[in-house]
Structure formats: structure tokens, C-alpha cells
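Before any comments, here is the structure.
The values are calculated or read from the model by the stated rules, or taken from the named source; none is laboratory data. The model shown is predicted, which means the values in this text are computed figures rather than measured ones. With ideal geometry, Cβ positions are generated from the backbone for all residues, glycine too; neighbour counts draw on all protein chains shown.
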């Protein structure tokens, strides 16, 4: 899976959460990796400071 977040302010980050609720990636702006198990994953978006307008791109190969 590939995940990338872009924001005008440069402060948007995300966390990828596995079905077992463990974080696969946390506090990232860009991440690429193999998903450790099958199931439903969550991508949680947050900011390092203040609010943010963002674009989130996700692809699974």
C-alpha cells in the first residue's frame, strides 16, 4: 500500500491502523509498505499543529 498526504500548510500527517488496532505507520506524510494481515485498515488524518486542508492519496498494488 502507498499513502501520501499533502497540505498547503505542510502540517497534515496520517496514521495507518491494522485490523488488530496496531499502528502500521504513525505521524507520516508518505508511507509505502506491505500490509501485515488481511482485513479492514483505517487511515486516520491529523495535524502537527493547527488545522489543515489536505489531499490524501492511497493506492494498493
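Taking into account only those residues within the range 38-61 that are surrounded by 10 or more Cβ atoms within 10 Å (Cβ to Cβ) and part of a loop (DSSP other than H, G, I, E, B), which is modelled with the lowest pLDDT? Ranking the qualifying residues of the range 38-61, first place goes to 51.
Look at the range 31-46: where a residue is without any contact (Cβ under 8 Å) to a residue 24 or more places away in the chain and a partner is part of a strand (DSSP E or B) and surrounded by 11 or more Cβ atoms within 10 Å (Cβ to Cβ), sitting 6+ places away or on another chain with Cβ atoms under 9 Å, you get 36/24. Take the residues in the range 12-35 that are surrounded by fewer than 12 Cβ atoms within 10 Å (Cβ to Cβ) and in a loop (DSSP other than H, G, I, E, B); name whichever of them is nearest to the chain's Cα centre (by Cα). Only one residue tops the list, namely 33. Pairing residues of the range 47-60 that are touching a residue at least 12 places away in the same chain (Cβ under 8 Å) with residues that are exposed (fewer than 10 other Cβ atoms within 10 Å of the Cβ) and part of a loop (DSSP other than H, G, I, E, B), at Cβ distances under 6 Å and at least 6 apart in sequence or on separate chains, gives no pairs at all. For the range 1-11, a tally of residues being surrounded by fewer than 16 Cβ atoms within 10 Å (Cβ to Cβ) and part of a strand (DSSP E or B) returns 3.
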